[in-house]
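Below: one structure, written as structure tokens.
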Amino acid sequence: MMQFVDYLLGGIGSGAIIALMALALVLTWRATRVVNFAQVGQAMFTTFIALSIQTATGSWYVALIGAIIAGAILGVIIQYLVLGPVKRMDTSGAIIATFGVLIALQAAAGMIWGGDSQAYPQPFGNSAITLFGHEWPLSVYDLVVIGFAAVLVVGLTLIFTRTSLGLAMRATAFNPEVARLSGVRVSRTLTIGWGLAGIVGAVAGVLVAPTSTISPNSFDILLVFAFTAAVIGGLDSLVGAVSMGIFTGLLLSVVSGYSDSSNAPVAALVLLALNLLLKPEGIFGHNSARSV
Amino acid sequence: MTGPAAESLLSLHDIRVRLSGLQILDGVSISVPQGTVTGLIGPNGAGKTTVFNVISGFVKPESGDVRYDGRIRKHIRAHRLTKMGISRTLQGVGLFASLSALENVMLGGSSRVRSGLVSQSLAMPWTDIETERLRTRALEVMTELGIAEEAERLPGELPYPVQKKVALARALVCDPTLLLLDEPAGGVGAPDMEELERLIRSWVPKRTVLLVEHHMELVMSVCDLIWVLDAGKVIASGTPDEVRNNPAVLAAYLGEEGAA
């Protein structure tokens, strides 16, 4: 029993990161009704930028702020230069276009920073916390990750529910034409949505990098987990993305613990398949019908 | 304050619109005198909603001018309408199903909010004041229309006539000079119809109203001036009495041949 609890606790940190990446996917989905497969590519790119800043300045915090700024700018650029023009023609084309952006970003990162895996410095203690005579499978760093995720989720929820900007974003996601008639600057609102998603993805990237390494393809598997979480959560629900992201993290940790970590992607796939069979609109979804 | 005989607040001059090979509007010229209720009627497919779409900037005419508040408006942008003092309601209700009635109404005041992303994200005090002011204003309008107690409900939970009022409140919250109402009486029963009539009359002469409506009783009782469209052309105009007795109008509505 204690072992099961340990496996669960061990999944909270990675669950928080999956939750953040799922949140980024949901933000772009809500803004433009496009699943942005380039999201992990953007996060990878901004994490490399953060690593360069970290190497130059030696400060983890300055690097994080650099990644956040770069994430916002990159999100806005992609929405403006690629998604805007493509989406005017065709929505499914826009989803394919995000794959193109992902490949372009990975190629560009390879050219700039090389294709090898690089270590990202660990800013906080990464050893297990010992408390009450038990060695818990949680480190100080895990707690920092969870803290960042919580702050972002609360902040975004406040923006969406309490500000007129959030109101405009929710309205635009639902019906851009009517929103426009009400005086909402729709294209600006969409761009802000992509910028916010870029920020959330960038934070997720910087937080996940120290737990493994960073290379142009190192976040690909994160996309699989985050996409699973976002879809199960209903694709347009912030709460859904976060809770299902953490749930996915816990499940993968348990599966890896009892069998082998290479089985984690299979577990994610089974979870996604079950969801699509049993409750295709997602657990927190509002849409009765949806094509992914 | 100007009377019904005043100059036009809005006028369209020789507007032509062609959509997928069809001439939807064929040289339409109408004017809406300031401080009046003006009606735009005509059989289905006459082009009434297209006239609204031209005024709202959703459809670009191939030729012709839209003149509003003394100036020719070349490039009308939909999101700037409320800033220009123009509000539009849609056929049906056009409410956001996932937003509360109050939030739907607040949205109509979007153009009044000045603070941007950064200050809103950081919850700067003035953004709270702005959002709060918008909420108060929205509740005021909802109280005027008698729907304030429904503020927190979702549109789907409200009876249709109440949903229509929420849509009206959203159009009113930005304090418009010109209201474009697309079938305000659609789906509304007799008792609500009288109230709607009183409501529309109470807005003039402070506001000017242009409405598209099929419900003839309402049009005849509420309008000062009526324009009649048929097949993309103006076939008649005048007071309700003049229009009622115009043979061309009767022919268009009854589908007789030889309509002018």
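Every number in this text was worked out from the coordinates using simple rules, so none of it is lab data. Predicted model only: the values in this text are computed from it and were never measured. Note that we place each Cβ from the backbone using ideal geometry, even for glycine, and neighbour counts take in every protein chain shown.
Taking amide H as placed 1.01 Å from N in the peptide plane, B:ALA46 has its amide H under 5 Å from the amide H of B:ALA231, each at least 5 places away in sequence or on another chain. Per-residue ellipticity at 222 nm from helix content only, as computed over chain A with -39500 (n - 2.57) for each DSSP H run of at least four residues, stands at -24000 deg cm²/dmol.
Could you please rank A:SER117, B:SER110, placing first whichever residue has the fewest other Cβ atoms within 10 Å of its Cβ? Mind showing how you got there, number by number?
Details: A:SER117 13, B:SER110 25.
Least to most surrounded, the residues fall as A:SER117, B:SER110.
Remark: mean inter-chain Cβ contacts per residue of A:157-166 equal 5, using a 10 Å Cβ-Cβ cutoff to other protein chain atoms.
Calculate how steeply helix B:190-203 sits against the longest principal axis of the alpha-carbon atoms of chain B, using the helix alpha-carbon long axis, and give the answer as 0 to 90 degrees to the nearest 10. Taking Cα atoms only, the helix is inclined about 80 degrees.
For the set B:LYS48/B:LYS74; B:LYS60/B:LYS233; B:LYS165/B:LYS233; B:LYS206/B:LYS233, the pairs lying more than 23 angstrom apart at their alpha carbons are B:LYS165/B:LYS233; B:LYS206/B:LYS233. Any idea what angle helix A:264-278 forms with the longest principal axis of chain A, computed on alpha-carbon atoms, 0 to 90 degrees, nearest 10? Result, in degrees: 40.
Tell me what chain B gives for mean residue ellipticity at 222 nm when only DSSP H runs of n ≥ 4 count, each as -39,500 (n - 2.57), the sum divided by the residue total, rounded to 500 deg cm²/dmol.
Numbers: 10 runs with 92 residues, N = 260.
My calculation for chain B gives -10000 deg cm²/dmol from helical runs alone.
Reported to the nearest whole Å, the Cα centre-to-centre distance from segment A:147-170 to segment B:214-244 is 49.
Once the Cα atoms are used to define both axes, helix B:125-144 deviates from the longest principal axis of chain B by about 50 degrees.
About its Cα centre, how strong a charge dipole does the protein assembly as shown have in debye, to the nearest 20, once Lys and Arg get +1 and Asp and Glu get -1 at the Cβ? Intermediate results must be reported in sequence, preceding the final value.
Numbers: 38 positive and 41 negative charges, 250 e Å.
Magnitude of the dipole: close to 1200 debye.
Where Lys and Arg each count +1 and Asp and Glu each count -1, what net charge lies around B:ASP65 among other residues with Cβ under 9 Å from its Cβ?
Numbers: positive: B:ARG67, B:ARG73, B:LYS74; negative: B:ASP14.
Surrounding charge for B:ASP65 is +2.
Panel order for A:VAL239, B:VAL54, by other beta carbons found within 10 Å of each beta carbon, from fewest to most: A:VAL239, B:VAL54. The listed peptides B:59-68, A:93-102, ordered by packing as a protection proxy, come out as A:93-102, B:59-68 (highest mean of other Cβ atoms within 10 Å first).
Each Lys or Arg adds one and each Asp or Glu takes one away; over the other residues whose Cβ falls under 10 Å from the Cβ of B:HIS13, this sums to -1.
For peptide A:167-174, the mean count of partner chain Cβ atoms within 10 Å of a residue's Cβ comes to 5. By the count of neighbouring beta-carbon atoms within 10 Å, fewest first, B:LYS206, B:LYS233, B:LYS83 end up ordered B:LYS206, B:LYS83, B:LYS233.
Using θ = phi - 60° in the Karplus curve 6.51 cos²θ - 1.76 cosθ + 1.60, the 3J(HN,Hα) couplings for segment B:53-67 round to 5, 5, 5, 7, x, 7, 10, 9, x, 6, 8, x, 10, 10, 10 Hz; x is entered for Gly and Pro.
Taking amide hydrogens as placed 1.01 Å from N in the peptide plane, the amide H of A:ASP236 sits under 5 Å from those of A:HIS286, each at least 5 positions away in sequence or on another chain.
So what is the relative contact order of segment B:144-246, in percent, for Cα pairs below 8 Å that sit 6 or more residues apart? Mind dumping the intermediate values first?
On the way: 91 pairs, mean separation 20.8, N = 103.
It comes to 20 percent, rounded to a whole number.
Between A:GLN118 and A:ILE214, A:SER215, the built amide H atoms are under 5 Å apart, and every one of these is 5 or more places off in sequence or on another chain.
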